[in-house]
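Reviewing the structure listed below.
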Amino acid sequence: MQELHSWREEQGSAYLYRVLAEIERGTVREKLFRELGREAESQAEHWAKRASKTGLSVPPEFAPSLRTRIVAGLTRRYGPRAMHSVLAAMKVRGMSVYTGSDLGHAAPDPATGMERAHSGLSGGGNLRAAVFGVNDGLVSNASLILGVAGATAQPGLILLSGVAGLLAGAFSMAAGEYVSVRSQREMYEYQIALERDELAEYPEEEASELALIYEARGLERAEAQRLAASMVADPERGLDALAREELGLNPDELGSPWGAALSSFASFGLGAAVPLIPFALHLNTPLPWTICLTAASLFGVGATSSLFTGRRAFRGGFRMMLIGAAAGALTYGIGKVLGVSLG
């Protein structure tokens, strides 16, 4: 049955390659996807022969599954770039042309080690996620506290609501991040395992696919074939190259679900704790202190976010402070109305 499953997968990939070639008509990617489609059909034939030898009956014609047709329709509607992760999960290779280097830039030579030169750049994503996690905690819990403060003047109730908001929000963010990263990691691990099996089953075909991608990036055919052959000659290096070029992912940066969950919990909790500080210290007039402390923190977060946007720090900080003020004022007003109506 594994042979029939592999046959259907390769035929489904060939079907989607034809869809991509139609979408990319007139571009350098059209040739890439048509060639990859032919490679997929060749691999499907390989599995069909294997199935026949084991006594399995191969359908005379391939009928794409409902899932394949849905993905094809969405790709036609929204474009391959928006759907590249879904297409990679459907065993469509070459998606790195939408996520990696621009076409026309030569692929790196394995002897130089430059294929890893930019891998550290993605580390900035962790800082970005932390900054925006703090911002989410600040805005959401400050808004909650102000909303409750609009309905009641009891500091104890406001503090309790704020602590509940902090814990609920932090656990929700952590759970969502865990599920997201776990699902993505499982998909990538499955795809890498498929690449490992295919590399062992038919290395020449995998080298041919890799060469097609390198050629689409601007290398001459002979050079692309030489580079691909040298990569595939070493199974570990070949698997790494196939994962990067065919799947568009970095095997070294799949991410830890628990690490992502804990980081999300900590960053959201840190931001959400800031508006609670005056109430936790039992200050005489905690609400004005909360407003000032939250405003200053929002300005700092907005200024820090300018590192990722390239905008001026003051402008980013002031804009974030205004957004937080609008959210806080709105929830305070709603709390005030509800407090009067329910009181």
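The values are calculated or read from the model by the stated rules, or taken from the named source; none is laboratory data. Worth saying up front: this structure is predicted, and the values here are computed from it rather than measured. Positions of Cβ are generated from backbone atoms using ideal geometry, with glycine treated the same way; all protein chains shown enter the neighbour counts. Ligands, DNA and RNA are stripped out before the accessible areas are found, and what is left, the full protein with its side chains, is counted by its heavy atoms. Shrake-Rupley method; radii C 1.70, N 1.55, O 1.52, S 1.80 Å.
Before moving on, here are some points about what is shown:
- Among 85, 211, 12 the positive-end extreme of the charge dipole of the chain (Cβ point charges): 85
- Treating r as the C-beta distance of residue 70 and residue 28 and R0 as 35 Å, the FRET efficiency rounds to 0.80.
- Paramagnetic reach from residue 283 in the stretch 128-142 [backbone N under 18 Å; point 7 Å along Cα→Cβ]: 138-139, 141-142
- For the set 258, 7, solvent exposure ranked by accessible area (probe 1.4 Å, protein chains only) runs largest to smallest as 258, 7.
- Test item: Cα-centred dipole of the stretch 133-292, Lys/Arg +1 and Asp/Glu -1 on Cβ, debye: 1460
- Structure-based [θ]222 nm, the chain - -39500 (n - 2.57) summed over DSSP H runs of at least 4, per residue, nearest 500: -25500 deg cm²/dmol
- Backbone phi angles across the stretch 21-32, fed through the Karplus curve with coefficients 6.51, -1.76 and 1.60 (θ = phi - 60°), yield HN-Hα couplings of 5, 5, 5, 8, 3, x, 10, 5, 6, 4, 4, 4 Hz in residue order; Gly and Pro are listed as x.
- For the chain, the spread of Cα positions along each principal axis, largest first, Å: 82, 45, 35
- Neighbourhood charge, 11 Å Cβ-Cβ cut-off, centred on residue 76 and excluding it, Lys, Arg +1 and Asp, Glu -1: +1
- Gyration tensor (alpha-carbon) shape descriptor, the stretch 149-254, a/c threshold 1.5: prolate
- Nearest-ten-degree value, helix 313-342 long axis tilted from longest Cα axis of the chain: 60
- Angle of helix 66-78 to the longest C-alpha principal axis of the chain, folded into 0 to 90 degrees and rounded to 10: 70°.
- Counting heavy atoms of the protein chains alone, residue 197 has an accessible area of about 100 Å² for a 1.4 Å probe.
- Ranking by accessible area, most exposed first, for 227, 146, 293, 338 with a 1.4 Å probe: 338, 293, 146, 227
- Given charges at beta-carbon only (K, R positive; D, E negative), |dipole| of the chain in Debye: 1740
- Of the GluC sites (Glu not before Pro) found in the stretch 1-88, the ones in coil according to DSSP and having at most 12 other Cβ atoms within 10 Å of their Cβ are 61.
- Leading residue at positive end of dipole, the chain (Cβ point charges), from 258, 74, 155: 155
- Using a probe radius of 1.4 angstrom, the carbon and sulfur fraction of the accessible surface of the chain is 61%.
- Nearest 10 degrees, 0 to 90: helix 203-216 Cα axis against the chain principal axis: 60
- Sorting 285, 290 on solvent-accessible area from highest to lowest, probe radius 1.4 Å, gives 285, 290.
- Probe 1.4 Å - accessible area at residue 311, Å² to nearest ten: 120
- Surface per residue (accessible, 1.4 Å probe) for the chain, Å²: 52
- Remark: relative contact order (the stretch 12-105) = 30 percent; criterion is Cα-Cα distance under 8 angstrom and separation of 6 or more residues.
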